[in-house]
Amino acid sequence: MVVGDPRRRGGTADRRAAKSFDAYHAGLRAAFEAGEAVLAGGGSALDAVCAAVRALEDNPVFNAGRGAVLAADGRAELDASVMTGDGRAGAVTVSRWARNPVELAKAVRQHSPHVLLADPPRSLLATWDVVEAEVGWFETAPRVEQLRRLQAESAEGPRHGTVGAVALDGAGALAAATSTGGMANKANGRVGDSPIVGAGTYARDGVVAVSTTGEGEAFLAGVVAHDVYARMAYGQATLARAVEATLTAELGSRDAMGALIAVGAEGQIVVGTRSDTLLAAWRDGDEIVTRI
Ligand code: ASP
């Protein structure tokens with residue numbers, strides 16, 4: 001299952017985004033198909049979520065990879081994380097060089113003794129065989145204009161369009177991945193929930209895989225992705241109950257907007273939202289569903 005959250009309440013950018021929902025639906029469907037093709041070929045849940053997120057990062061309508069929102073200095077500072085249900089995770093924050101931050105996060109999981117790298121050096125890409133972005137790849141004209149407007153109006157930047165994917169593979173392994181540009185006009189160096197294991201991304205085999213989107217500070221303080229897992233593992237909650245309780249307890253109490261996607265160990269899918277608009281895609285029998 002994949003997700004994109006293009007809109008929150010109010011704002012000019014939000015109204016503009018609403019006009020082009022077709023592009024979001026098409027992008028989600030393509031990303032879902034990319035992930036599903038990996039699973040159909042016997043690939044792992046990790047490779048599937050990375051394929052889906054890569055497709056979303058390459059699609060400029062989403063706030064991740066190319067077309068991500070820009071930080072206050074006009075550059076993209078990208079965040080991404082992956083986690084597999086065996087407990088291994090990798091993440092990057094303030095990523096500037098990798099064309100697909102999710103691939104760099106995956107490489108951290110695979111090659112590094114660490115879980116999270118901040119402002120990872122360009123030299124790592126060649127070492128780990130991760131593709132470098134061409135100059136100007138991330139900074140699209142609409143995002144440059146958005147930043148100019150926000151700075152001229154001294155307005156708070158929107159946070160939406162983060163992407164993520166969760167999957168269960170044929171071997172019963174779970175994985176989750178999340179990728180974002182964060183919040184438009186954010187202070188340079190600001191880190192949201194998306195690259196933080198337990199807040200924006202979490203997976204545990206036999207239980208659940210979770211990817212989140214929304215007001216990062218609330219997801220960080222509420223340790224939201226792990227909270228869903230904990231309610232299931234320690235409280236024996238069903239996935240649906242766990243998601244509902246987490247959103248109420250950790251987002252509702254903070255009056256925060258956001259959403260998450262989750263898949264359980266039996267393949268059950270839950271899309272939970274406290275947001276005006278969440279786009280998600282999943283398979284229902286013969287059909288791929290993309291919904292707001
Ligand atoms: N959670 C992201 C952040 O705060 C933003 C989003 O999901 O749209 O960086």
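What follows is calculated from the coordinates using simple rules that are stated; it is not laboratory data. Small disclaimer: the values here were computed from a predicted structure and weren't measured. So basically every Cβ, Gly included, is an ideal-geometry build from the backbone, and we count neighbours across all protein chains shown.
Alpha-carbon geometry of the chain: the Rg and the Dmax are 17.1, 52 Å, given in that order.
Cα extents for segment 66-211 along the principal axes, largest to smallest and rounded to whole angstrom: 51, 31, 22. Using every pair of separate Cα atoms, the Kirkwood estimate puts the hydrodynamic radius of segment 65-131 at 11.9 angstrom.
Over all projection directions, the Cα-based convex hull of segment 210-283 averages an area of 4.6 nm². Note on segment 125-188: semi-axes of the ellipsoid equivalent to its C-alpha gyration tensor, largest first and rounded to whole Å, are 31, 19, 9. List the relative contact order of segment 207-251 as a percent without decimals, with contacts defined as Cα pairs under 8 Å and 6+ residues apart. Contact order relative to length: 43 percent.
Scaled to the globular estimate 2.2 N^0.38 Å, the Cα spread of segment 145-292, given as radius of gyration, is 1.07.
Tell me the label-point distance for the pair ASN188, ARG148, using the 7 Å Cα-to-Cβ offset, in nm and rounded to one decimal. Between ASN188 and ARG148, the label points sit 2.1 nm apart. Entry note, the chain: relative contact order of 22 percent, from Cα contacts under 8 Å with a spacing of 6+ residues.
Simple spin-label estimate for VAL135 and ALA30 gives 2.7 nm between the two label positions (7 Å along the Cα-to-Cβ direction from each Cα). Helical content alone sets the calculated 222 nm signal of the chain at -10000 deg cm²/dmol, taking -39,500 (n - 2.57) per DSSP H segment of four or more residues and averaging over every residue. From most to least packed by mean Cβ count within 10 Å, the peptides 222-235, 141-154 give 222-235, 141-154. As a proxy for reagent exposure, ranking THR162, THR273 by other Cβ atoms within 10 Å from fewest up yields THR273, THR162. The charge dipole of the chain, taken about its Cα centre with unit charges on the Cβ atoms of Lys, Arg (+1), Asp and Glu (-1) only, comes to about 560 debye. Amide hydrogen proximity for ALA118: with H placed 1.01 Å from N in the peptide plane, the residues at 5 or more positions away or on another chain lying under 5 Å are THR93. Relative contact order for segment 156-292: 20 percent, from Cα pairs under 8 Å spaced at least 6 residues apart, divided by residue count. Which of THR248, THR213, THR127 ends up with the largest GNM mean-square fluctuation for the chain, with Cα atoms connected below 10 Å? Highest fluctuation among the options: THR127. Taking the charge dipole of the chain about its Cα centre, with +1 at Lys and Arg Cβ atoms and -1 at Asp and Glu Cβ atoms, the residue from TYR234, ALA107, ALA280 reaching farthest to the positive side is ALA280.
By the count of neighbouring beta-carbon atoms within 10 Å, fewest first, ILE196, ILE288 end up ordered ILE288, ILE196. With each label modelled as a point 7 angstrom along the Cα→C-beta vector, the ALA240-ASP284 pair spans 1.3 nm. Our coupling estimate for segment 22-34, obtained by passing each phi through the Karplus curve with A = 6.51, B = -1.76, C = 1.60 and θ = phi - 60°, is 4, 5, 5, 4, 5, x, 5, 4, 4, 5, 4, 5, 4 Hz, Gly and Pro reported as x.
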